[in-house]
Every structure is written in C-alpha cells, then in structure tokens.
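The values are calculated or read from the model by the stated rules, or taken from the named source; none is laboratory data. Computed from a prediction, not measured in an experiment: that's the story for all the values here. Virtual Cβ from ideal backbone geometry, glycine too; neighbours counted across all protein chains shown. Only protein heavy atoms, including side chains, enter the accessible area calculation; ligands, DNA and RNA are left aside. Shrake-Rupley method; radii C 1.70, N 1.55, O 1.52, S 1.80 Å.
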Amino acid sequence: MKIAGATLNQIPLDWTGNTLNILGALKEAKSQRVELLCFPELTICGYGCQDVFLSDWMWQKALNILVSRILPEAPDMAFVVGLPIKFEGDLYNCAAFCDHNEIQYIIPKQNLAKDGVHYEPRWFMEWPVGKQTEIKIDDRIIPIGDYTVDYKGFTIGLEICEDAWREDRPANRLCKRGVDIILNPSASHFALNKTKSRNDLVLDSSKNYNCIYVYANLLGNEAGRMIYDGELIIASHGELKFKNELLSFQNFQIGTWDTDDEKSISIPEVDINQEFRRAVSLALYDYLRKSYSNGFVLSLSGGADSSSTAVLVAEMIKLGLKELSLSVFLERIHKIEWYEGIKDSKAPEKEIAKRLFTTAYQSTVNSGEATFKSAKELANEIGAVFYNWSIDDEVEGYTQKISKSIGRQLNWDQDDIALQNIQARARSPIIWILANINNALLLTTSNRSEGSVGYTTMDGDTSGSIAPIAAIDKPFIIQWLKWAEKELGYASLSYVNSLRPTAELRPSEKSQSDESDLMPYPLLQSIEELAIRDRYSPLEIYEKLRLTWNGEKSILKPSIQKFFKLWSRNQWKRERIAVSFHLDDYNVDPKTWCRFPILSSSFKEELEELEKAE
C-alpha cells in the first residue's frame, strides 16, 4: 500500500482556505496513487483557535465542513483529518478516519498537551483509555473511541501528537491489538533542534511496536506566535523511509512511501543556524500575508538585534522567491500588481525589499558613526528603503519641559535612567507614523536575554507589532550574525560584527555597553537557563555555576542576585512584549511559556540564602 503524510499551512477559522488546502493535498496525493493519507491535528478548524473552541457553533461548523464540503469532493482514498467533536457534553480533540466519502471512525485524543506553550485542557477533555461507543451524525451511527481500523489488509491505530510523548501511550496497547500502522496527526510547535527528538520518537516507535509509523505535523505560523515546521516522517520497523525538508513556504506538502519499497534513508544533520533562519523567515512571511499588511518597518540602529531582524526580512524574501517563484510569492503576499515592474529585474529580491521593507536610523548626540554606517550599509545591501534623521530636537523638547516644570535641569548624575529612556521613547512616535503611513507591521527587536532582565524601554525600543527575536538569546544572535556574514554572504554585516553591543543612550565619555550595564552575556544566558528553563533556586544556580563557569568566580553571586532582582522587578514589561515567535525549548513570554507574578517578594529570602553561602 502507498501511504503518506501531509503537512498543511492552515489559519484558525479560515474555513474556505483550510478546506482548499485539504482538498488540494488530497488531490495531489491521489495523483501520486496514495491509498492512505494522514493530515495534521485539528486541520479543519486550525489548531490555534484558543477560546473559540468553547463555542458550540465552532465544532459543529468544523464537522459540517467535513461532511458537506470535504467528503463530497474527496477522491477515492482513505484519510485521517483532525477536528473537535463534542460528545456527551464534553469537547474532544479528534481525528476522523474517512473512506468512501464517509466518516468511518472518530478517534479522540487520550493525552492532552498541558505544559510549556500548550493549554489544551482549557478546551478539551481526555478520552478514557479503552472506551468504545457510538455517535450519531446526521442519520449515521459512527464508532467513536479507542478503536483500531482495518483497511486493505492492514490494522491501523492512532496516536494524536501528545499521545506519543507519554510513558503510558496508546501505542503500548495498540501493539497488543496487532496494529501494522500507527498514524500520528500532530501540531507540534517548532523549537531549535526539536526535529532530532521527533526522529528518535518515530524510529524507536516503529521498531519497538513492530509497525509502520507515520508522523504528520502542522506547517507555518498558524495563529501568530507558534511556528510549525511541517515535519513529515515515515518509518518502518526501525528504518527511516521518508523525511521532508522542514519549514516550507508551500501551502501543503505530501510525503509518500510504498510499503513494497525496501530502501531506507539516513537522518540529515541539523544546522541550528539554518533552522533559525528558515523558522523566523517563514513566521514573518505568514504573519505578513495572513494579516494582509503592506510590509515591514524597522528602526535600524546598526546594532546586533536590529541587524539580525533586517537580515531575517531579507531572507524571508529570498527563501520565498526560491521556493515559490516570483509570481506565486507576490500573489501570496497580496502584491501581484508588483509583478510587471519586477519580472525583468536581475535582483528581484531587492526590488521587493524596496517596496516591502522600510528602515530608519534615528540618531541622537550619543549615536556613533560606526552604528550609522552599519545600518546604512546593511539597508543598502538588502535593498530596503533607508531614512536617517536626528531626534535631538524631540529629546530636548521633552527634557526642557520637565526641567522647567520641576525647577532644575536634568543631569546624568541624578537622572541617568530618565535621560536614557527618553531617547528610546522619542524614537517610538515617529517610527510608528511611518508604519501607519505604510500600513505596515512595525518590528521591535528585543531579544530574550534583554527580556528576562527588563533591559529595554517600554514604549520605546519595545514598540512594535511583532518581536521576531524575543524568544532567542543575545549570544545566539551575535554568533548568528557572524554566520550570516560568512554563509549567507551579507558583506555589510562586517560592520555590526566588529561592534561591541551598546544601547548608545549615554554620552560617549560614559563608555556604555550592554555587558557593563548587566553582566557578561554568556553568564546571563547560563543563569537564565538554570533559573527559567530548569527552575533552580538562586543558591542551586550558584552551586552549579561554581563548578562550570570558566570566568571570574567573584562575579557569580552579584550576577545571580542582579538577575533575580531584575527578573522579578520587570515582569510587567514581559507582560507587554509584542507578539513574539516561539523559537527555543523555552521563552520568557507569559502569554506562551513562562508565567510569573507581576508582584512578588523578589526572591528576598532565597537571595539572603545565596549571600550567606560560602
């Protein structure tokens, strides 16, 4: 039998678009003579529907779409498609096994994802192990529950995403029921290097349960924050039979394998820098087209964060053109009218950037020539519009109004933070004007390292519609820019790669740098991982870093103390992070991964324990 997995780039509640993707994938699969196709999880309605799942009309609409739109047009083949189903008063995350243009079985999910970025128990119930019953849909009685399916001489079982990651997983029982094939429709969010654990899961499952295992994951930036890599994996009895290229710009992909084909393939190596490049590029592309925006605007400071953001926009254009062609890319971002003016260009990516991407270097008396050159050269190499203006008049106007009101001149000795912040905040209104004029998305450039300690000015450098790099650390950004200069060929990045990270908000004689304001970035990263990802106490972190930190040991205690104090003090800032993409195995965005009280004791007793430690 020829079997397949399909990945789809869906949009929550986009009934027409989602249906077209499903039917398109079915017809493509049929043209490849596929007999059994597995779609990802909740593909009819979209995985990220959030509290709309709580509305009765929603699951009824999803079911109606399957019955009245998809099944009548589906080719003659079996397929599994995801949708919510309400049964006996509770909502379940289900997969419908369809054949002969009818629903044959409904298999509900037994284990709900409830950690990290997932909150499925808010909407769904877990189906009891072993429960088999029936549901009436229109005039038909359909089995619903913990069933296996007999199809063309094969016995088929299902694990829906999280089901497969639990110790007490359905496969433990399915193998005892003689299944030959396990299908896994998934909506597993992207994280760097996560593909390795998925490959291990699928290969080990196919070996341990003596079966064919088909894994089909969702694709794209579906609902705004989560990125799905569209991974398709087919393994048979411990051997890899199919694996696709991840993070495609296509609306759908099909991955097939014929059970008579004895050839196996090897698992490709994972390049984290390439993963980051492709994931954020795809997320920006999807956000742009799904929000119907006209492009992007960026306050390009010439530093590492804004430079990496600019490069990612450029890579979004390059990757989109390479995979989709010029006409399809422009059509997908709703700019097909640009085609005639670009089609004969020798550098279409630059022509698109000129229309799609606007940048501005907003200087003050504290800005340096090096950052200006860094910003200008990068914008020119990308092809983006580049503006350059001074905000000194605005800063002077604000400071003089306050000085006159309080009866004294603001100065750096007394008003350091206020004078720094007003520069960052004065940049915000004017760049927002540019975004409004262009009807474009304003990109903000805070990274995870800054977010964890609040090293950012609210309503200043945090202003924006999207924060593309808010879930990745500063050390990664710094090394990625060096990689991008060398491997992606951005010669202009030599300027930023020679600079020391600095906010340029103090006078030059103050010699400001990010690491002098905070601590060495590698140490900040180590503390953050241990505190937030691994959830260790200040004292436990100190005991671990005493053994592993290769730098000056005397800075450990004060750095750990500073981190926890700043973390606690600045939760309110993290509550206001612009929409950010989840990129790593953790992040500090309370809307997705890490919730923390806005008001707390700031680890007072725990830091006292740390202070007393030898």
Pairwise label distance in nanometres, TRP572 with ASN208, each label 7 Å out on the Cα-Cβ vector: 4.8
Helix-only CD estimate at 222 nm, as mean residue ellipticity for the chain, using -39500 (n - 2.57) per DSSP H run (n ≥ 4): -11500 deg cm²/dmol
Region 127-192 and region 206-227: distance between their alpha carbon centers, rounded to Å: 14
Global size of region 498-614 as Cα Rg and Dmax, reported in angstrom: 15.4, 42
Evaluated at q = 0.26 Å⁻¹: base-10 log I(q)/I(0), Debye formula over Cα of region 186-230: -0.91
By average C-beta atoms within 10 angstrom, highest first, the peptides 484-490, 352-358: 352-358, 484-490
Spatial separation of Cα centroids for region 272-340 and region 463-535, in angstrom: 22
Computed over region 476-540, Cα set: Rg, Dmax in Å: 15.6, 45
Acute angle (nearest 10 degrees) that the helix 15-31 long axis makes with the longest principal axis of the chain, alpha-carbon atoms: 60
Long-range amide H partners of PHE357 with built H, under 5 Å: PHE296, VAL385
Alpha-carbon centroids, region 558-614 and region 393-414: separation in whole Å: 32
Within the chain: Cβ-based charge dipole about Cα centre, in debye rounded to nearest 20 (Lys, Arg +1; Asp, Glu -1): 660
Taking all pairs of distinct alpha-carbon atoms in region 112-206, Kirkwood radius in angstrom: 15.2
Computed over region 167-268, Cα set: Rg, Dmax in Å: 13.9, 41
Rounded FRET efficiency, nearest 0.05, which uses the C-beta distance separating GLU262 from SER327 and R0 of 51 Å: 0.80
Selection from PRO597, VAL579, SER537 lying farthest towards where the dipole of region 526-614 points positive, charges on Cβ: VAL579
Packing rank of 327-337, 465-475, 271-281, where each peptide gets the mean count of other beta carbons within 10 Å, highest leading: 465-475, 271-281, 327-337
Contact order relative to length of the chain, as percent, for alpha carbon pairs under 8 angstrom and 6 or more apart: 11
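Taking a quarter of the surface of the Cα convex hull of region 295-359, what do you get in nm²?
On the way: hull surface 17.1 nm².
Over all viewing directions, region 295-359 projects a mean Cα-hull area of 4.3 nm².
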Within the accessible area of the chain (1.4 Å probe), percent carbon and sulfur: 48
Highest to lowest packing among 256-267, 448-459, scored as the average C-beta count within 10 Å: 448-459, 256-267
Region 87-242 - share of DSSP beta bridges that are antiparallel (%, nearest 5): 75
Convex hull volume per residue for region 378-535, taking Cα atoms only, in Å³: 151
Over 24 Å (Cα to Cα) - which of LYS61/LYS152; LYS27/LYS194; LYS194/LYS241; LYS544/LYS612; LYS114/LYS604; LYS373/LYS486 fall in this group: LYS61/LYS152; LYS27/LYS194; LYS114/LYS604
Principal-axis tilt of helix 194-208 within the chain, Cα atoms, nearest 10 degrees: 20
Convex hull volume per residue for the chain, taking Cα atoms only, in Å³: 183
Dipole of region 375-494 [Lys/Arg +1, Asp/Glu -1 at C-beta], most positive-end residue of PHE476, LEU378, LEU493: PHE476
Between helix 272-290 and the chain: long-axis angle, C-alpha atoms, 0 to 90°, nearest 10: 80
Residue-normalised accessible area of the chain, given per residue in Å² at a 1.4 Å probe: 41
